[in-house]
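Only one structure is covered here, and it is reproduced in the block below.
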Amino acid sequence: MLTALPRLGVDLGGTKTEIVALTPQGSELYRQRAATPRGDYTATVALVGALVDAAEHALGLPSGCCSVGVGTPGAPSRATGLMRNCNSTWLNGQSLPRDLVLRLRRPVAVANDANCFALSEARDGAGAGGQVVFGVILGTGVGGGIVVQLRVLEGANGIAGEWGHNPLPWPDDDERPGPSCYCGRSGCVEVFLSGPGLARDHAAAGGAPGEPASIVAAAAAGDPIAQATMQRYESRLARGLAHVMNVLDPDIIVLGGGLSNIERLYRHVPLLWRRWIFSDRVDTPLARNRHGDSSGVRGAAWLGAGVEGVAAGG
């Protein structure tokens, strides 16, 4: 018998959509996932509704009783309410927050998936206990989220934490102007620190084409080109995070995304970033996420429970 209503979180991804139900203490009660109907906005909204309905039914609860948060690959525009910056491009320009409210018949909190990741890790993950947590996504793209006292900081323009589209700080001559970014600029942090950016840099230096995991393995086996690639990557990550620390000075930085599994980052980057941080000592730890691929959907559940911000209204 449930003594308190669970919180439902939905992670709306490009290939899969996942739902989780959490107790107020963070224990998992239910989880389900389904293939995302790529390219079909109406079917995407319907899928989220069906997953929420199924979760409440499976838990023996009446429809509409649970809070719902949804993590998305982009975010609603403050100016129009329409989705923007989604790599799931069929969401862009759509009134997703409004349409989810209409489908689910309740308030729905909608936030960028990087913000959900940061909230999850701040709530009961690697950043638990930190007053200011910076959550970093290093994957196909580069993103970030800021959580202050268990509340996501979205900012006046809804872009707080978007460090991936700042220029790489303190660039070397051979890093200027840098590769072109999809945002229309060159030399963004994302084009250097994303998984594709790491692979591109390695190939440009004469390394064998491959995914980041193979480059890391080659470096560990002593391949000199791969070792040099990883050293460049670590220097760039150290500079990028030092720039964030000089502005935000968080209690902890938590890495997520596929590249967060590179163990050597946690040893090497904190030794490198001291050079660029404007302080005589650096107490901020660099930590690997605790919840892995579940952080996004867990963060969405905490988001919907009112831990962060104001739910999207109709």
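Coordinate-derived values only; no laboratory data. From a predicted model like this one, the values you see are computed outputs, not experimental measurements. Glycine also receives a Cβ, built like all others from the backbone with ideal geometry; neighbour counts cover every protein chain displayed.
Figures for the structure shown
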| read-out | value |
| --- | --- |
| Amide H within-cut-off set for Y30, under 5 Å, with H built and near neighbours excluded | A21 |
| Sparsely packed trypsin sites (Lys or Arg not before Pro) within the range 49-116, loop by DSSP, other Cβ within 10 Å at most 16 | R78, R105 |
| Degrees separating the helix 195-204 axis from the principal Cα axis of the chain, which is the longest one | 20 degrees |
| Cβ-derived FRET efficiency at R0 30 Å, L59 paired with C183, nearest 0.05 | 0.15 |
| Overall form of the range 209-314 per C-alpha gyration tensor (a/c, 1.5; a/b vs b/c) | oblate |
| Residue-by-residue Karplus 3J(HN,Hα) for the range 275-285, coefficients 6.51, -1.76, 1.60, Hz, glycine and proline x | 4, 10, 8, 7, 7, 7, 8, 10, 9, 6, x |
| The chain: angle of helix 224-248 to the longest principal axis, Cα-based, in degrees nearest 10 | 60 degrees |
| Positive-pole candidate from A242, A221, I262, dipole of the range 212-266, charges at beta carbon | A221 |
| Degrees between helix 113-124 axis and first principal axis of the chain (Cα, 0 to 90, nearest 10) | 80 degrees |
| Normalised contact order of the chain, rounded percent, pairs of Cα under 8 Å and 6 or more residues apart | 22 percent |
| Dipole magnitude of the chain about its Cα centre (Cβ charges: Lys, Arg +1; Asp, Glu -1), debye to nearest 20 | 400 debye |
| Spacing of the two label points (7 Å from each Cα toward its C-beta) at A213 and R33, in nm | 1.4 nm |
| Förster radius 25 Å - calculated FRET efficiency between R267 and W170 (Cβ-Cβ, nearest 0.05) | 0.70 |
| Only Lys, Arg (+1) and Asp, Glu (-1) charged, at Cβ; the range 128-289 dipole about Cα centre in debye | 100 debye |
| Spin-label pair A221/V148, simplified geometry with 7 Å Cα→Cβ offset, distance in nm | 4.8 nm |
| Gain upon complete extension [A128, A50; 0.36 nm per residue less C-alpha separation] | 24.8 nm |
| Spin-label model distance (nm) - R84 vs A43, 7 Å beyond Cα toward Cβ | 2.9 nm |
